[in-house]
Amino acid sequence: MNGPAAQHSATSSSFAAARRHRAELLQMIQAFEAALAVPAGDPRWRERVAERLHLLREAFGEHIIVTEGPEGLYAELLDHAPRLTHGVHGLVREHASLLADIDAMAVRVAAGDIERLRRRANRLLRALGRHRPRGADLVYEAYATDIGGET
C-alpha cells in the first residue's frame, strides 16, 4: 500500500493485525486447496481435507474477530469513513455466509461423493477468493479516496 493507507496502517494495531492475519488466512486457503488436489485414491485424502478445512475454519473465525470485533478493522474504517457502512455490512454478511459454507463442507467431508465434494469445495474457494479483494478495496477506499476535489 502507498499513500494515506500505508501511513495510517503503520500506526494502527487493527491494520497490523488485519495485515498479518490476511497472510495467514491465504496460507490456510492454499493449504485446503492443495489437500483437495491430492488424488482421491490416497487413503488419507478425507482426513487431510478435513484437517485443512478445520484449520481454514479456525483462520476464518479469527478473520471475523480481527475485522468485526469492537477494536477491529471495520470499526476503525467506520470511524474514519462512515460512508462505507454499506460496504462493511456487506462484508459482514459475507462472513456469515462463508462461515456457514465452511461448516456445511466440514459435515460433508466425512461422507459423500468425492467429486461432488470437490465441486462444493471449489465453489467455496471461489467465494473466498472473491471476498478477499473486497476487504482490501474497502480499506483502500477509506484512506486513499480523494473526496476534496483537488487535482
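The values are calculated or read from the model by the stated rules, or taken from the named source; none is laboratory data. As the structure is a prediction and not an experimental result, all values here were calculated from the model. Don't worry about glycine lacking a Cβ; one is built from the backbone with ideal geometry, like all the others, and counts go over all protein chains shown.
Among the residues of the stretch 104-131, those that are over 14 Å from Phe32 (Cβ atoms) and under 20 Å from the mean Cα position of the chain (by Cα) comprise Ala104, Arg119, Arg130, His131.
Every condition in (1) in contact (Cβ under 8 Å) with a residue 24 or more places away in the chain; (2) over 19 Å from Gly129 (Cα atoms); (3) of a type outside the set (A, V, I, L, M, F, W, C); (4) in a helix (DSSP H, G or I) is met by Glu71 except one, and the failing one is (4). Does the stretch 94-105 contain at least one residue that is assigned to a helix (DSSP H, G or I), of a type in the set (Asp, Glu), under 21 Å from Ala31 (Cα atoms) and modelled with pLDDT of 90 or more? Scanning the stretch 94-105, I find at least one residue that is assigned to a helix (DSSP H, G or I), of a type in the set (Asp, Glu), under 21 Å from Ala31 (Cα atoms) and modelled with pLDDT of 90 or more, so the answer is yes. Is it the case that Arg123 is surrounded by fewer than 17 Cβ atoms within 10 Å (Cβ to Cβ), under 30 Å from Asp42 (Cβ atoms), at pLDDT below 95 and touching a helix residue (DSSP H, G or I) at 6+ places or on another chain (Cβ under 9 Å)? In short, no. Only a single item in (1) more than 15 Å from the chain's Cα centre (by Cα); (2) free of Cβ contacts under 8 Å to residues at least 60 places away in the same chain; (3) more than 17 Å from Ala18 (Cβ to Cβ); (4) in a helix (DSSP H, G or I) is not met by Leu78, and it is number (3).
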